[in-house]
1. Provide, in order from the shortest bin, the percent of all Cα-Cα pairs of the range 92-166 in each 5 Å bin, continuing until the bin that contains the maximum pair distance.
2. What ranking do 110, 151 get, fewest neighbouring Cβ atoms within 10 angstrom at the top?
3. Tell me the relative contact order for the chain as a rounded percent, counting alpha carbon contacts under 8 Å between residues six or more apart.
4. Is there a quick way to get the dipole size of the chain? I mean about its Cα centre, with the Cβ of Lys and Arg at +1 and of Asp and Glu at -1; what is the value in debye to the nearest 20?
5. Around residue 150, what is the net charge, scoring Lys/Arg as +1 and Asp/Glu as -1 over all other residues with Cβ under 13 Å from its Cβ?
6. Any chance you could get the radius of gyration and Dmax over the Cα atoms of the range 11-50, in Å?
7. Quick one: pull the percentage of alpha-carbon pairs in the chain with a separation above 22 Å.
8. Ranked by Cβ crowding within 10 angstrom, fewest neighbours first, how are 101, 60 ordered?
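No lab work stands behind these numbers, since they all come straight from the coordinates. None of the values given here were measured: they were computed from a predicted structure. Cβ placement follows ideal geometry from the backbone for every residue including glycine, while neighbour counts extend to all protein chains displayed.
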Amino acid sequence: MFSNPWIYLALLGLAIIVVLAAIATKLLRQLKQQTLEQEKQKAAQQIALQQHDQKIIASVIIIVRAMKEEQCDLAEGCWRLSVLLDSLKLSQDLNKQFPTVFKFYEAIKHMPILEARKKLDKQSRMKLDFERMKLEAELAEDIRKDIELLHQYANERKSMLSDAAA
């Protein structure tokens, strides 16, 4: 019946093409599934980052209000704000937007706090307090300006993150 070798080769070629097409289809389905899985993971990660930043921004707003109402002194507020702002995942270059807050923090971050401060002798504590108060007096006006801008920024950021979550 099929005595011509070309027919066998054509059938073999056709079989190879069918097998390769089946393999390609399977690989394309796997790729599509992997892509969907990666998109899900990326979306979940984005939501987690937004939730993290929402918590941080809420804390920033509380501290800024406390500083504006003088319930929190400038040194403690700048310390806390700098640490919080550095931990934001979806914002960058905040040290350039609020330079005085970060400048003040950089100048006082070496100062011991809590138990380490209690272990210092009275003269050392007074010396550090004087250094901090002098710097605070020098930077107070610029810190207050940064605090106003930061309050506005935090409220806007809070709205953006809330809108993105909805």
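1. All Cα pairs considered, the percentages come to 3, 14, 18, 17, 14, 12, 10, 7, 4, 2, 1.
2. Details: 110 7, 151 17.
With the fewest neighbours first, 110, 151 line up as 110, 151.
3. 29
4. Working: 25 positive and 22 negative charges, 127 e Å.
Result for the chain is approximately 600 debye, rounded to the nearest 20.
5. +4
6. 17.3, 58
7. On the way: 8484 of 13695 pairs.
When all Cα pairs of the chain are counted, 62 percent exceed 22 Å.
8. The order, fewest Cβ neighbours first, is 60, 101.
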